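First up is the structure itself, then whatever we jot down about it.
The values are calculated or read from the model by the stated rules, or taken from the named source; none is laboratory data. Keep in mind that this is a model prediction, so the values were computed, not measured. Here the Cβ is made from the backbone with ideal geometry for all residues, glycine too, and neighbour counts use every protein chain on show. For accessibility, only protein heavy atoms count, side chains too; no ligands or nucleic acids. Shrake-Rupley method; radii C 1.70, N 1.55, O 1.52, S 1.80 Å.
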Amino acid sequence: MLGKILLTIDALFLLFAAPAADYSETHIFNPAWKPHAKFHCGQTITLSVVLGLATLLYTWLPSGRLPNSGPVPTPAVQAERRERMKDSFRTAGFLGSVYWLAGMAAILYPNTAGTDPEFGDITDFPQGKVFPVFAGLAIVGAWLETRRLR
């Protein structure tokens, strides 16, 4: 259950905190940003929301359901159900971490910065402090749930 809680916390940050950070005067409402930069900001906001919803879906509706195999599932059916649930949690872990991992990789591209000059030192990378935490929540959450199903 702890794994599901960690995945859910991660998903909630994808659904609300990440979009709120981008839907602000430092990003989408920044008059210094050109329309195409704002287009990519909108793309990022949408991606975060979709990944948050998908993380919740794969966390709380794992595909461990199988067709009715009678009143008592056979050991083979139970094993197949466990494997499907593990796959769902692994998928939730990937979906819940990929946004944060991509955010950490974004600083590696030419002429990128973690902040704009009017909002702070462009050598600062505040995302580098929080993105690994949220990626870790998703990865550890998925690992805990798949481990529980062994």
Scanning segment 95-114 residue by residue, those open to solvent by 90 Å² or more (accessible area, probe 1.4 Å) and either within 22 Å of A21 (Cα to Cα) or in contact with a His (Cβ under 9 Å, 6 or more places away or on another chain) (or both) turn out to be L108, Y109, N111
Kindly list, by first and then second residue, each pair from a residue in segment 10-25 that is of a type in the set (S, T, Y) to a residue that is open to solvent by less than 40 Å² (accessible area, probe 1.4 Å) and modelled with pLDDT of 95 or more, limited to pairs with Cβ atoms under 8 Å and residues at least 6 apart or on different chains. Y23/I45
Residue under evaluation T91, criteria (1) touching a Lys or Arg at 6+ places or on another chain (Cβ under 9 Å); (2) closer than 19 Å to R147 by Cα, criterion not met: (1)
Being at pLDDT 95 or above, out of contact with any Gly (no Cβ under 7 Å at 6 or more places or on another chain), more than 17 Å from A102 (Cβ to Cβ) and part of a helix (DSSP H, G or I) narrows A20, A54 down to just A20
What number of residues within segment 129-147 are open to solvent by 50 Å² or more (accessible area, probe 1.4 Å) and within 20 Å of D87 (Cβ to Cβ)? 4
Expected single match for under 23 Å from A18 (Cα atoms), surrounded by fewer than 15 Cβ atoms within 10 Å (Cβ to Cβ) and free of Cβ contacts under 8 Å to residues at least 12 places away in the same chain among P126, P117, P75, P71 is P117
Search result, residues across segment 23-41 that are of a type outside the set (V, I, T) and not in a helix (DSSP H, G or I): Y23, S24, E25, H27, F29, N30, P31, A32, W33, K34
